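Below is one structure, written out as structure tokens; comments come after it.
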Amino acid sequence: MKAQTREERLEEEKEKEETITTKLLSHYLIWSVVVSIAIIAFGTIEYLSTGSTGYINLPVLVLIKTNGSVPGVFPHYLPSIIIGTIHLKSFAIIQLGILVLLLTPLGRIFLQIFIFMKEKDRAFVTVATTVFLILLLSLYLSRFFT
């Protein structure tokens, strides 16, 4: 039986860490998609069972012509989505599921920052942090241009 050299042991440990981080990221992505689909399905079932959006019901043609910008028809901001979800309004529940799905890549980048920190890779920490901050800034600024 051949004894392992120091380099071989270090390489094996590095491969184990990469496997763990890969599994962590893949589980995060899979479960966030599953949770968002479950939330959307619950909101859809709520809508189909009650026949009500929980908000003002308008004909589809009116919604199309106004691009859905009629006040009181859809929750547009996070507080109104949360309040609508608490009151079991089907459109708010569906939008919460969509929000979870949209924030999944943002959470992945956030996790990636810590993975790069653990690996002591400063260049990638800087890049991932910059991308994360740009995404947060764009999400914040988007509310002023809708």
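Tally time: how many residues in the stretch 88-109 are over 30 Å from T53 (Cα atoms) and in contact with a helix residue (DSSP H, G or I) (Cβ under 6 Å, 6 or more places away or on another chain)?
1
Answer with yes or no whether T126 is in a helix (DSSP H, G or I) and in contact with a Leu (Cβ under 7 Å, 6 or more places away or on another chain).
In short, no.
Among S32, S52, which is the only one that is in contact with a Ser or Thr (Cβ under 8 Å, 6 or more places away or on another chain) and surrounded by 14 or more Cβ atoms within 10 Å (Cβ to Cβ)?
Testing whether each residue is in contact with a Ser or Thr (Cβ under 8 Å, 6 or more places away or on another chain) and surrounded by 14 or more Cβ atoms within 10 Å (Cβ to Cβ) leaves just S32.
Given the criteria more than 26 Å from F91 (Cα to Cα) and within 24 Å of the chain's Cα centre (by Cα), does T19 qualify?
Criteria met by T19.
Could you grab me the full set of residues in the stretch 86-125 that are more than 17 Å from the chain's Cα centre (by Cα), surrounded by 17 or more Cβ atoms within 10 Å (Cβ to Cβ) and under 23 Å from N57 (Cβ atoms)?
K89, S90, F91
Could you check, for the stretch 41-53, whether at least one of its residues is of a type in the set (G, A, S) and not in a helix (DSSP H, G or I)?
yes
Any read-out appearing in this document is the output of simple, stated calculations on the displayed coordinates, not a laboratory observation. Because the structure is predicted, anything quoted here is derived from the model rather than measured. Here the Cβ is made from the backbone with ideal geometry for all residues, glycine too, and neighbour counts use every protein chain on show.
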